[in-house]
Amino acid sequence: MKRNGIERMEGDPDLQFLLQGGDLLKVLSPSWKKTRHLKLQEDCKTIWRESKKTFKSSQTFDSISAVRLGRQSEGLKKNTGEHVEGRCFTIVFKGRRKNLDLIASSEEEAGCWVRGLEKLISSLVNLSANQAKDQYPFTNIWVPIWNESHSKIWIFSCLSKADKNKDSKLSQQEMKNFLQLLNIGLDDDYAEMLFKKCDKSRSGYLAGAEIEHFYNLLTHREEIDVIYGEYAKTTGFMNAGNLVEFLMKEQREKVTLADAQKIIEKYEPDEQAKGKGLLSKDGFLMYLLDPEAMVFNPDHKEVYQDMKQPLNHYFISSSHNTYLMEDQLKGPSSTEAYVRALLKGCRCVELDCWDGSDNEPVIYHGYTLTSKILFKDVIKTIKEYAFKKSDYPVILSLENHCSVEQQSVMAQHMSSILGSALVTTPLGDGMPANFPSPEELKGRFLIKGKRLNKLEASFADVTEEADNSDVTEEEESSNEADDEPEKKSNKKNLKLAKELSDMVIYCKSVHFNGFEDARKNQSFYEMSSFKEGKAVKLAEESANAYIRHNVEKLSRIYPAGSRTDSSNYNPVPLWNAGCQIVALNFQTGCTELDINQGRFLINGKGGYVLKPAYMRDSATEFDPITLTQGDWLQHKTLHIMVISGQQLPKVNMKKSSIVDPLVKVQIYGVPDDVAEKETSAIPNNGTCGLRLFSHLTVW
C-alpha cells in the first residue's frame, strides 16, 4: 500500500509505530514540559498533534531537516537531566523555524521515533517516478522531464492537489488548477480547446494517456529536438561517439568514449536502446537536467587545489556572530546555528563570550535581548560537526568579554572537549616563520583572540613577561570607523587569563595602525579585524597595499553594527583585496550569501580556496581598481546561449500567480569585470518557460 507516492512499507515496525502515534513530552523550560500526542498522518508526510483547544483540534508541520537522538540541542541540555539522555530527541526544521525538543516514555520509543522520521525524510528525498505511476500511469512521460527527486515530488504533489476527488482523473477545472500549480498561464478559450482536443472519450475529464497528450502539447520542446537532431546520427539516436562530440563541442567538456558510455548506461530509460549503447531524446534530456550536466566543472567537486600553501594564502569561508539564528537584537542564540554553518562548509566561526551564572561562560550578543547559550555546549557542538563536511582546520574567533575566572573555565572546556585537536603549540620545532598549511592542519582547531605576549616569548631562554596584561575588551570595537565615536569612547580594558592567552598561536588579534606599521612591527601571526566600512575604504583607496599586507598576514572583515537585521555586505571587493576571513551572517539568505556559497562551491566545498598566484606574491603590482599590466590582465569574452528553462518558482504563493520568466546573467569580480545581461521576458509561463534561443555576450 502506498500513501501519496511514499511506500508505507507494511513490514517496517518504525513507520508502523509513527502511524500509530504516541505521547511525548514537549520541552520548553525546566518547568514547562507538556504531553503531546503525535502521530503520522495517512499522507505519510504530515505529523498530527491532538489538541483540546476549541476549534483547534490539530497542528501539522513538515519541512523536517534532521532528527537528532539524545540531548543534543541547547534546550534539552539546559532543561533536562542526564538521566533522560536516551529518551530525548530533537526535530530540526528547515529555515528559521525553531527546533522541537521532545522526550519519549522510553529509550526504545525514542529510537522508534528517530528511526521512523529518518526513514520518512529519506523516502521523501528519494521518491521515484515509478511510485507516482502506480496511481497516475501517465506520469511516466514526466520521468525524463522531472528527473531530480524534489522535482518528482513537486510535480506529483501538484497533480494530487489538483485531483480534488482523488479519482486519478482531471476535470476541466481541475486541469486549470493543475496548470496554475505548475506555473503555466493559458487563455481560458485556448485551454478549453486543448482540453476538448485531448478528451478523446468525450467524458468531460482527462485520464491516463489523455493527460499525457495534453501535457505534451504544452511542454513539447522544439529547441531540444533541434539540438538532439544535430547529433543523433545513428538511426535517429545518439551513440557514444555522437555524445562525445556534443559534450566536447557544445559543453566544452573533456570526455572519453568510456565517459559517454557511462552516461548512456545511467540516463537512458529505454532498456532496448541502452543495450545497443544508444541514447534516446528522453535519455538526453534526463542527462541535461541532472546536476551532473551543470556548467560547474565536475573536477572541482573534489579537492583539486594545492593545499600545502601557508594558511593565509587561502580565502576562508567565515561566519559572523555564528550563534544567532535571526536578527542581531532580540533573536534566539542556538548551537543549531553552528551546526548549520559548519555543514555549509564554514571554517571560521565566532563566539561572543560573557560571564554566566554558576561560573559557566555564556555566548550571546552582548547588551541585546538575544538569548544565551552555554559556552561549553557550543564547543561540544563544534567538536561534533566541525569535520563532517570538510577536513580542513576550523578557526574559533573569540570575542572575549569574560572575567579572568571564567576565561580560565573557557580554556578548560576547550582543552577537555577539543583535546589534542586543539592547536596549543606551533607545529614543528622552534619558532615558526610562517603559517602551516591547511593540509598540515587537517582535523585541527585554531583559536583566534588576544594574547598577553609575543609567540616568540615561549621560545626564549628566560620567560618573557607579558607585554601588556590588559587587552581591549572587544576587538570589533578597535577598528570602528569615525561614524561611531561612542563605541570608541566606551572601550575598556580587560585582564586576560594566561591559560586562555597561551592557546592563541597563529591568530593573535591586534589593533591595526596602518600598513606600514604592520609591516615593520607585526609578526606574521598577528592579525586585525576590520569593520566592513573601513575595509571597503582601504580596498578602494589602497588596494595594492592591502593585497601585499594579506600576502604576509591574515585579515578578518565583519558586518557593520548597523546591520541589526543580519543583512550582509558584498564580499567581492574584500576578496579582491586579498582578505581571507570575510565574515557574513550565515543565517540570512541573500545575494551576498549566494555569492559566498558560490565562491566556496569549488575545491570539494572544503571552505578553503587558494588565492591566485599574483595575490600570494609579496612584490605583486596587482591592483583591482587600476588594473596595471600583469599576468592577471587577460581580456576574455563570455558568450552564453540560453536555450530554455523550466520549473521556475512563483513570485508569490497566490494560486493565480503566474511568473513571466527571464534569465539574468551577472558577473562579480574586479570593477572592470562586473557585468549584467538578461533575456527578454516570456509572459505567463513558468514551467515551460523561456522556450527560446537567446544569445548573451557578457564582457
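The values are calculated or read from the model by the stated rules, or taken from the named source; none is laboratory data. Predicted model, so just to flag it, every value in this text is computed and none were measured. FYI the Cβ positions are ideal-geometry reconstructions off the backbone, even for glycines, and counts take in every protein chain you see. Only protein heavy atoms, including side chains, enter the accessible area calculation; ligands, DNA and RNA are left aside. Shrake-Rupley method; radii C 1.70, N 1.55, O 1.52, S 1.80 Å.
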### Query
Which residue out of LYS200, LYS233 is over 24 Å from VAL659 (Cβ atoms), modelled with pLDDT of 85 or more and more than 39 Å from the chain's Cα centre (by Cα)?
LYS200
### Query
With (1) closer than 18 Å to GLY345 by Cα; (2) surrounded by fewer than 18 Cβ atoms within 10 Å (Cβ to Cβ) as the list, and GLY606 as the residue in question, which single condition is left unmet?
(2)
### Task
Go through the residues of segment 497-507 one by one and say whether even a single one is modelled with pLDDT of 95 or more and of a type in the set (S, T, N, Q).
yes
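Let's see how each residue does on (1) polar (S, T, N, Q); (2) more than 21 Å from PRO438 (Cα to Cα); (3) assigned by the TED database to the domain that holds TYR228:
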{"position": "MET248", "(1), (2), (3)": "no, yes, yes"}
{"position": "ILE263", "(1), (2), (3)": "no, yes, yes"}
{"position": "GLU302", "(1), (2), (3)": "no, no, no"}
{"position": "SER318", "(1), (2), (3)": "yes, no, no"}
{"position": "LYS330", "(1), (2), (3)": "no, yes, no"}
{"position": "LEU351", "(1), (2), (3)": "no, yes, no"}
### Message
Considering only segment 27-44, I want to know if a residue exists there that is surrounded by 19 or more Cβ atoms within 10 Å (Cβ to Cβ), modelled with pLDDT of 90 or more and touching a strand residue (DSSP E or B) at 6+ places or on another chain (Cβ under 8 Å).
### Response
yes
### Message
Of all residues being more than 22 Å from ASN297 (Cβ to Cβ) and among the polar types (S, T, N, Q) in segment 241-279, which is most open to solvent (accessible area, probe 1.4 Å)? Just the residue, please.
### Response
GLN272
### Query
Restricting segment 211-241 to residues that are assigned to a helix (DSSP H, G or I) and free of Cβ contacts under 8 Å to residues at least 24 places away in the same chain, which is nearest to LEU278 (Cα to Cα)?
GLY241
### Task
Consider LEU329 carefully, then state whether it is surrounded by 18 or more Cβ atoms within 10 Å (Cβ to Cβ) and either modelled with pLDDT of 90 or more or hydrophobic (A, V, I, L, M, F, W, C) (or both).
no
### Summary
Exactly one of SER420, SER371, SER416 is at pLDDT below 95, over 21 Å from LYS508 (Cβ atoms) and surrounded by fewer than 22 Cβ atoms within 10 Å (Cβ to Cβ), and that residue is SER371
### Message
Could you list, ordered by first residue, the pairs with Cβ atoms under 9 Å in which the first is in segment 189-201 and exposed (fewer than 12 other Cβ atoms within 10 Å of the Cβ) and the second is of a type in the set (A, V, I, L, M) and part of a helix (DSSP H, G or I), at least 6 apart or interchain?
### Response
LYS200/ALA209
### Query
What residue, of GLN131, GLN172, GLN135, GLN180, is modelled with pLDDT of 80 or more and polar (S, T, N, Q)?
GLN172
### Query
Quick one: would you say SER555 is hydroxyl-bearing (Ser, Thr, Tyr), in contact with a Cys (Cβ under 6 Å, 6 or more places away or on another chain) and in the same structural domain as ALA337 (by the TED database)?
yes
### Query
If you check every pair at least six apart or on different chains, which have Cβ atoms under 9 Å apart with a residue in segment 351-363 that is touching a residue at least 40 places away in the same chain (Cβ under 8 Å) first and a residue that is in a helix (DSSP H, G or I) and open to solvent by 40 Å² or more (accessible area, probe 1.4 Å) second?
ASP355/GLU405; ASN359/GLU405; GLU360/LYS376; PRO361/LYS376
